[in-house]
Amino acid sequence: MVNTKRMVQIGIVIMFGLNIFGSIVFAQNITEAYIYQDGDNNQATIQQRALDSWAMQYQLGSNNESYIYQAGEGNSSLQTQTGNANQASATLLGNNNLTIQNQLGDANTLFIWQYGNSNSLIQNQIGSENLAVAWVLGSSNTVAQNQVGHGHTSKITIAGNNNIVSNNQVGSDSNLSLFHIGDNTVINAIRFGF
C-alpha cells in the first residue's frame, strides 16, 4: 500500500515536471519584446500581433520616441536611439521581415512601413535633423538608408519584389526621393551636400 501510494506521488511529480519543463523545451512561436531606457521623457511602444517574432528598443538620452508594430510571423525589429529628441517608427505587416533603425545624434526621424514577406530594411542616422522614410509593398526587397551629417532627407517608395535599394547621404542638406514600381532591380544612390 505504501509503495503504491509512493508510486502515485512520484508519477504525479513526473507528470507535473514534464508538463512544466516539456512546455519550455518544446515551446514554439515565442514572441519577445525588450525595452531599455536611460534618460528623461523617453517613450517606447512595441505592439506585436505576431508569432515567433522579436522586437527591441534601446534609448539613451532624453525626449526620444520609438514605435514598433509587427503582425505576421517570424519578424524582427531593432531600434537604437542615442541622443535627444529622435523619432523612430517601424510597421511590419507580413512574415520573416527584418527592420533595423539606428540613430546617433539629435532630432532625427526614421519611418518604415512595409507589407510583404522576407524584406530587410535598414536605416542609420549619424548627425542631426535628418529624415529617412521607406514605404515597401512587396516581398524579398532590401532597402538601406544611411545618413551622416545634418538636414538630409531620403524618401523611398517601392512596389514590387526582389529589389535592392541603397541610399547614402553625407554632408548636409541633401535630398533624395525615389519611387520604383517593378521587380528585380538594383538602385544605388550617393548624395553629397555641402
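A few points about this structure:
- Residue count for the stretch 27-61 satisfying the condition of being open to solvent by 90 Å² or more (accessible area, probe 1.4 Å), on the phi > 0 side of the Ramachandran plot and among the charged types (D, E, K, R): 0.
- Test: residue in the stretch 48-64 that is modelled with pLDDT of 95 or more, assigned to a strand (DSSP E or B) and farther than 19 Å from Ile35 by Cβ: no
- Residue check, Ala134 open to solvent by less than 60 Å² (accessible area, probe 1.4 Å) and more than 22 Å from Ala71 (Cβ to Cβ): no
- Restricted to the stretch 103-119, and to residues there that are more than 23 Å from Glu73 (Cα to Cα) and surrounded by fewer than 22 Cβ atoms within 10 Å (Cβ to Cβ), the residue that is nearest to the chain's Cα centre (by Cα) is Thr109.
- Positions within the stretch 150-166 being touching a Phe, Trp or Tyr at 6+ places or on another chain (Cβ under 9 Å) and among the small types (Gly, Ala, Ser), in sequence order: Ala159
- When residues of the stretch 81-91 are limited to those that are open to solvent by less than 30 Å² (accessible area, probe 1.4 Å) and assigned to a strand (DSSP E or B), the one nearest to Asn117 (Cα to Cα): Thr91
- Filter pass, Ile122 being free of Cβ contacts under 8 Å to residues at least 40 places away in the same chain and either open to solvent by less than 40 Å² (accessible area, probe 1.4 Å) or within 20 Å of Leu178 (Cβ to Cβ) (or both): yes
- If you filter the stretch 178-190 down to residues that are in contact with a Ser or Thr (Cβ under 8 Å, 6 or more places away or on another chain) and open to solvent by less than 100 Å² (accessible area, probe 1.4 Å), you find that the one that is farthest from Ala144 (Cα to Cα) is His180.
The values are calculated or read from the model by the stated rules, or taken from the named source; none is laboratory data. The structure presented is a predicted model; accordingly, all values stated were derived computationally and were not measured. Glycine also receives a Cβ, built like all others from the backbone with ideal geometry; neighbour counts cover every protein chain displayed. Side chains included, ligands, DNA and RNA excluded: accessible areas come from the protein's heavy atoms. Shrake-Rupley method; radii C 1.70, N 1.55, O 1.52, S 1.80 Å.
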